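The values are calculated or read from the model by the stated rules, or taken from the named source; none is laboratory data. As the structure is a prediction and not an experimental result, all values here were calculated from the model. Counting neighbours? That spans all protein chains shown, and the Cβs are built from the backbone with ideal geometry, glycine included.
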Amino acid sequence: MILSTAWLAAGSNSNLMFQNMTNSNTINPDESSINIGTSRSIDFPFWVLLEDGLHVPAFDKHSGGNKILQSLGMTQESWYEWLKLILISHDNRLCWHVRDINAQVQENVQSFKKMIGIVSEAHSIDYNAVYGQQLYDSQSQHYSKLLIDQERGYQEALTDYQGLDINLLRESDTPQLYQDNDKVRERLALLWYEYKSNKYSNEFLESAISTPIMWDVLENPPTNQHREIYLVDYPHEVEIFIPPIFAIVTVPNRPVERSDLDRRMFYIIQNS
């Protein structure tokens, strides 16, 4: 399966874009959109590193491994390309397309009117009489701005991934996204099954993402750009930014100090 030979060739030096962020800059944002989450598909390549023993810059502190994938042809560069395609398949901006902004604004306003009707009845207050059409005009402007920004994000994502077959990418499972070698891809398919069936649970990562908390990086975002942070299981603390929008922050399988994890996320986004 080839997603796009031209795109991959253009990105053949993309490992140079994977940065350990060391410089600090302060940005005063007007608006931002930051997502924090986990994904088994994104976690899988890091589990593969531990299983195989392959070292890639900044993930080179683990030991052991059976070196089977390396013997089949997996390299630092092909691993990076694979990880990047997995991340692209998770880019939330690709779900933001608005086919008809005006129609969607009207639909949202109608839903808002229904909600106002329910609230008015529940509280015996005629909000239409109190606020009049001004309330709905204000909501219409609000929805319009949100949807225009949303569509702009979608178009930016298409520009970022020009030449890449996005539909094929999003329909492919994680091992299929490895592009460099059929034998490696076949081995990854077997490991993917093993990973889903047997991989231990990093309870500290799961606790960090499932416990409700207002992270400082969300409350006081250090950038006005859309960013997506993925927490992954790896035995050493690493933070990297992967253009155009992704940050990887590792969570070792040991007790997590929330303030420290928040600081690490804040730092990598501030320097992205």
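The helices (runs of 4 or more DSSP H) found wholly in segment 26-133 and carrying at least 2 residues that are under 15 Å from the mean Cα position of the chain (by Cα), closer than 26 Å to Ala208 by Cβ and not acidic (Asp, Glu) occupy 40-52, 76-89. Does at least one position in segment 104-119 carry a residue that is among the basic types (Lys, Arg) and surrounded by 11 or more Cβ atoms within 10 Å (Cβ to Cβ)? Yes, that holds for at least one residue.
Checking the structure you have, find out if any residue of segment 191-212 is modelled with pLDDT of 95 or more, part of a helix (DSSP H, G or I) and over 25 Å from Phe44 (Cα atoms). Scanning segment 191-212, I find no residue that is modelled with pLDDT of 95 or more, part of a helix (DSSP H, G or I) and over 25 Å from Phe44 (Cα atoms), so the answer is no. Taking the numbered list (1) touching a helix residue (DSSP H, G or I) at 6+ places or on another chain (Cβ under 6 Å); (2) over 24 Å from Leu83 (Cβ atoms); (3) not aromatic (Phe, Trp, Tyr) in turn, Asn224 passes all entries but (1). Filtering segment 145-174 to residues that are buried (at least 17 other Cβ atoms within 10 Å of the Cβ) and small (Gly, Ala, Ser) leaves Gly153, Ala157, Ser172. Among strands (runs of 3 or more DSSP E) entirely within segment 223-272, having at least 2 residues that are under 14 Å from Asn35 (Cβ atoms) singles out 226-232, 246-250.
In this structure, does Glu151 turn out to be within 30 Å of Asp91 (Cβ to Cβ) and assigned to a helix (DSSP H, G or I)? Taking the combined requirement at face value, the residue satisfies it. Of all residues in segment 232-244, those that are surrounded by 20 or more Cβ atoms within 10 Å (Cβ to Cβ) have Cβ atoms under 7 Å from Cβ atoms of residues that are assigned to a strand (DSSP E or B) and at pLDDT below 95, 6 or more apart or on another chain, in Phe241/Gln19. Scoring Leu188 on the criteria (1) at pLDDT 90 or above; (2) among the aliphatic types (A, V, I, L, M); (3) exposed (fewer than 13 other Cβ atoms within 10 Å of the Cβ) leaves a single failure, condition (3).
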